[in-house]
Amino acid sequence: MGSQLFTLGAVLSTMAIISNWMSQTLPSLVGLNTTRIPTSNSLTQISPREGWQVYSSAQDPDGRCICTVVAPEQNLCSRDAKSKQLRQLLEKVQNMSQSIEVLNLRTQRDFQYVQKMENQMKGLKAKFRQIEEDRKTQLTRHFQDLKEKMDELLPLIPVLEQYKTDARLITQFKEEIRNLTGILTTIQQEIGAFDYEDLHQRVLGLETRLRECMKKLTCGKLMKITGPVTVKASGPRFGAWMTDPTASEKNNRVWYMEGFTINKVVREYKSMSDFITGAESRTYTLPVKWAGTSHLVYNGSLFFNKYQSNIIIKYSFGTGKVLAQRSLDNAGFNNVYPYTWGGHSDIDLMADEFGLWAVYATNQNAGNIVISQLRQDTLEVLKTWTTGYPKRSAGESFMICGTLYVTNSHLTGAKVHYSYSTKYSSYEYTDIPFHNQYFHISMLDYNARDRALYAWNNGHQVLFNVTLFHIIKTDDEM
């Protein structure tokens, strides 16, 4: 390949394109399609009265285009129609001149590109010559270069695939946003269709109806236990935590008691959130040690079993004094009749919708569970029921609406296995499972205000939700 021949051919090709464009396009631009354009350097003689005449040529020594314009005589009437046409023709000529200048710049740029290509061709020719001289060595090196470049490009493949995936995700997100926007627009239109006062009155009416319905809800039968919800992980394996079921909705104080013997310190937290963060508000030191984990906070006082005795103590948080104490006749204590996990859990104090209760066992009842309802002020026993369920076979127990529910174990797989109704003095075997998430329950008590079970599960404080079957009172029964 001859580089000089290549260069000359490129230049002549470019000039031919320009000349062809001028010969075909310029006459139509200036309105001279019917005018014959001379093909040589000489100009055809025409009368100046015939109007503007334009001629072009590519005969410049540097290869540039030449444009020649012959103007009409100046004494033509400038107001006639032909004068207007001539002015328009002049504007076209000016535009054409600009186009020719642009072509000139492109021609120069192409010429520079051709020169650059010529130099590159020379370099390639030298490289081919060098390859021919030492073909094996050069081929090996060049192939190695190509391989390295391919190795550099290979990691881009998964990147490009990721771009494709991202592009699809973006498209999907856009579609979802469009759908959501449509839904929100529809909702907004629907909301806007109602008057605000009308909506407000509807809400108030609904709240009133809900309150009336809640008043009709009486005690129900336990149907299901769900959860748990882990509130916090703190303390040893055994302990108790609770809230006051008689407190107002704004009073959410939490009490926390670690261990089942020896300890006398009760920690208080102003709210559940403070309990979670560990922000204590106050501590109380009891006058005596407690036994077990079945303590109870009720109406602002703490009820607990005195260590190594069957004595129940009522302690006031407000005054810091013991308000009442009484022994449960014949009640076993000191790990004689505990739950299956032990821990001096002989006497279990609890509360439900009907008040204060004590669950324990006696020798007279052959170690089976005894239920006693207590007066909260004096701790006097109001009434007692005896059951046939062995206390030492129970994992834990709790009262809901006057019915005692007993679990069959404190370990994994535990379920509510037995229930005893104090209203009908009858029992039944049940099969209500619940999830013992941390494998060892040492405290399980029902809170009537929260309608939830509080549990100490192997150093975790958890809550279980309960589902009750309710009987709705009629208006005549209320």
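Read-outs: derived from the displayed coordinates by stated rules, not from any lab. Here the structure is a predicted model, which means the values were calculated and not measured. With ideal geometry, Cβ positions are generated from the backbone for all residues, glycine too; neighbour counts draw on all protein chains shown.
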**Message:** Considering only C-alpha atoms, what is the centroid distance from segment 367-396 to segment 229-252, in Å?
**Reply:** 24
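At most 16 other Cβ atoms within 10 Å and a DSSP loop assignment: could you name the GluC sites (Glu not before Pro) in segment 376-452 that fit?
Passing sites in segment 376-452 are GLU380.
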**Request:** Go through segment 230-244 residue by residue and turn each phi into a ³J(HN,Hα) via Karplus (6.51, -1.76, 1.60, θ = phi - 60°); whole Hz please, and just put x for glycine and proline.
**Result:** 7, 7, 6, 10, 7, x, x, 5, 10, x, 8, 8, 6, 10, 8
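Where the only charges are on Cβ atoms (+1 Lys, Arg; -1 Asp, Glu), what is the dipole of segment 221-472 about its Cα centre, to the nearest 20 debye? It would help to have the intermediate numbers written out before the result.
Details: 23 positive and 18 negative charges, 55 e Å.
Computed about the Cα centre, the dipole is about 260 debye.
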**Prompt:** Residue by residue, what Karplus-based ³J(HN,Hα) values in Hz, rounded to whole numbers, does segment 413-430 have, using 6.51, -1.76 and 1.60 with θ = phi - 60° and x for Gly and Pro?
**Reply:** x, 5, 8, 6, 9, 8, 9, 9, 8, 6, 5, 10, 6, 9, 10, 7, 8, 10
**Prompt:** Among SER281, ILE347, GLN376, which residue has its Cα positioned farthest towards the positive end of the charge dipole of segment 221-472, with +1 placed on the Cβ of Lys and Arg, -1 on the Cβ of Asp and Glu, and the dipole taken about the Cα centre?
**Reply:** SER281
**Fill in**
So, relative contact order of segment 221-472 in percent, Cα under 8 Å, 6 or more apart, is 21
**Request:** Of the listed pairs LYS314/LYS423; LYS270/LYS383; LYS221/LYS306, which have alpha-carbon separations greater than 31 Å here?
**Result:** LYS270/LYS383; LYS221/LYS306
**Request:** Could you work out the Kirkwood radius for segment 221-472, taking every pair of different alpha carbons, averaging 1/r and inverting it, reported in Å?
**Result:** 17.9
**Asked** Amide H to amide H under 5 Å from ALA452: which residues, 5+ apart in sequence or cross-chain, H placed 1.01 Å off N in plane?
**Response** ASN447
**Complete:** Computed ³J(HN,Hα) along segment 310-324: with the Karplus parameters 6.51/-1.76/1.60, θ = phi - 60°, integer Hz and x for glycine or proline, the list is 9, 8, 9, 10, 10, 10, 8, 5, x, 9, x, 10, 7, 8, 7
**Request:** Mind checking segment 379-478 for chymotrypsin sites (Phe, Trp or Tyr not before Pro) that DSSP puts in a loop (not H, G, I, E or B) and that have at most 10 other Cβ atoms within 10 Å?
**Result:** TYR424
**Prompt:** How many nm is it between the label spots at ARG449 and ASP329, if each spot is 7 Å from the Cα in line with the beta carbon?
**Reply:** 3.4
**Fill in**
Amide H contacts under 5 Å for LYS232, restricted to residues at least 5 apart in sequence or on another chain and with H modeled in the peptide plane, are GLN461
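Give the whole-number value, in cubic angstrom per residue, of the convex hull volume spanned by the C-alpha atoms of segment 373-475. Mind dumping the intermediate values first?
Numbers: hull volume 15.4 nm³, N = 103.
Expressed per residue, the convex hull around the Cα atoms of segment 373-475 is 150 Å³.
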